[in-house]
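The values are calculated or read from the model by the stated rules, or taken from the named source; none is laboratory data. Bear in mind that the values here come from a model prediction, so they are computed numbers and not experimental data. Every residue, glycine among them, receives a Cβ derived from its backbone with ideal geometry; neighbour counts consider all protein chains shown. With ligands, DNA and RNA removed, areas are computed over all heavy atoms of the protein, side chains included. Shrake-Rupley method; radii C 1.70, N 1.55, O 1.52, S 1.80 Å.
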Amino acid sequence: MERIQQEAERNSAFELLRIFAMFIIVFHHEAQHGLWFAPDAPMTGAFVLRELSYGAVGAIGNWLFILVSGYFISASSFSWKKVFRLWFQVFSISVIVCAAAWIAKIPVVNFGENVYTEQGFFAAARTVSRRSVVQSFLPCYFGNNWFAVAYLVFFLCVPLLDKLISSLSRKEHFRAIVLLTVLGTVVPLLPWEGFYRPSAIFAFILGFFVARYVRLYDPPVLASAWRNALVAVVLFALICVYKVCCIRILPHLSISYENVIKVERRFFNMNNSLPIMLIALCLLCAFRSFAIPYNRFINLIASTTFGVYLFHENLLINKWWWHAVCKLDDWLASPFLLAWMLLCALGTFALCAVLELVRKQCVERPLLALIFRRKTAGPRRPD
């Protein structure tokens, strides 16, 4: 573990990959929420852009986060202080966002408001309800953010998973990866399959096994940075071609819109998609081979990425941000839609990163120092 920590300190490539992963997750959420009401009948440019971004891009970002976490986390890095810190990050950001929306009377989509998916944000917008306030103070219990809760549960399981992997030989480790991959990313894609339904935590466990195998054994097949990058680009290009063909060709075969979407999203809109996992794995190994010297600024920004996720994807404000602030509805017919989306995603990332740095400095550090003061101070000297 010390070798890995020294490698991370010398090389900021992993931190840069974490930033890239979060940026494409932000862009995915922008397409998911902001372009939700893009006209679909004529298969407009906005519709195609939403379908290319929706699912596949975000799932790649999720897998990158999972693999980078699995690469570094081990039993030696586990502590209950870190568990509390992770929980407090989820809790405090949820409370901060809810309080800001309550005080500023921001029109939000309250938890459980289905009218948004039927009529749009401005029909669903309300002030923060009391029920949403309660749910905001119990974000993990109510599962307000599936990724954050899954990560928290996974982190609690790390010591056991680490001991399990340590007891396996290389062949047993590889066989475990094959089994988990088939169950988690192949079986769920079969039509009419009812054999296995992996939960969100399953992707973290699979990613942990895969990332630890790469770290421990450094497979030669994944050694070339440029080959890994090329494979990732080719796989993503094939996904885009598949989606565009479904969108453009299937409607001309008298297939209903609903069935077109089912076919188009079948393989590449889920976190349990094998091609998506392979893209993330190739990107991880590509960045792993790049020698990027330690950069304090890159590492600082990377330290905010989970906070960026929690701020921008808070269920109370994520629709408000993309529709009322970024006004993506006004850009659906514009030829500059993609440029505007990239600009909004970059601005959202920067704003949330600043908010996370302020939260750490003004809320998290003082509170943790107060809670763990006795442990860090050591025994008091006798008078």
Exercise. Treating the beta-carbon of each Lys and Arg as +1 and of each Asp and Glu as -1, no other charges, what is the dipole magnitude of region 263-349 about its Cα centre, to the nearest 20 debye?
Worked result: 220
Exercise. What are the ³J(HN,Hα) values, in whole Hz, obtained from phi via the Karplus relation 6.51 cos²θ - 1.76 cosθ + 1.60 with θ = phi - 60°, for each residue of region 158-172 in sequence order, with x given for Gly and Pro?
Worked result: 4, x, 5, 5, 5, 5, 4, 5, 5, 8, 8, 6, 4, 5, 5
Exercise. For the chain, what is the calculated [θ] at 222 nm in deg cm²/dmol (nearest 500), taking -39500 (n - 2.57) for each run of four or more DSSP H residues and dividing by its residue count?
Worked result: -20000 deg cm²/dmol
Exercise. How would you rank 73-83, 273-283, 95-105, 52-62, highest first, on the average number of other Cβ atoms within 10 Å across their residues?
Worked result: 52-62, 273-283, 95-105, 73-83
Problem set entry | Accessible area of the chain belonging to carbon and sulfur atoms, whole % at 1.4 Å probe | 67
For this session: Quick one: among Ile261, Ile66, Ile201, which has the greatest mean-square fluctuation in a GNM of the chain with alpha-carbon springs under 10 angstrom?
Result: Ile261
Exercise. Taking the Cα centre of the chain as the origin and placing charges on Cβ (Lys, Arg +1; Asp, Glu -1), which of Val153, Leu35, Ile177 is farthest toward the positive end of the dipole?
Worked result: Val153
Exercise. Each label point is 7 Å from the Cα along the Cα-to-Cβ direction; what then is the distance between the points at Leu342 and Ser79, in nm?
Worked result: 4.2
Exercise. For Cα Rg over 2.2 N^0.38 Å, the listed values are [x] 1.10; [y] 2.61; [z] 1.04; which was obtained by calculation from the structure presented?
Worked result: [z]
Exercise. In sequence order, what are the phi-derived ³J(HN,Hα) couplings for region 276-288 according to the Karplus relation 6.51 cos²θ - 1.76 cosθ + 1.60 with θ = phi - 60°, rounded to whole Hz, with x for glycine and proline?
Worked result: 5, 5, 5, 4, 5, 5, 5, 5, 4, 5, 5, 5, 4
Problem set entry | Accessible surface, region 118-185, averaged per residue in Å² (probe 1.4 Å) | 58
Seminar exercise, completed: Of all lysine pairs in the chain that are eight or more residues apart or on different chains, those with Cα atoms under 17 Å apart total 8
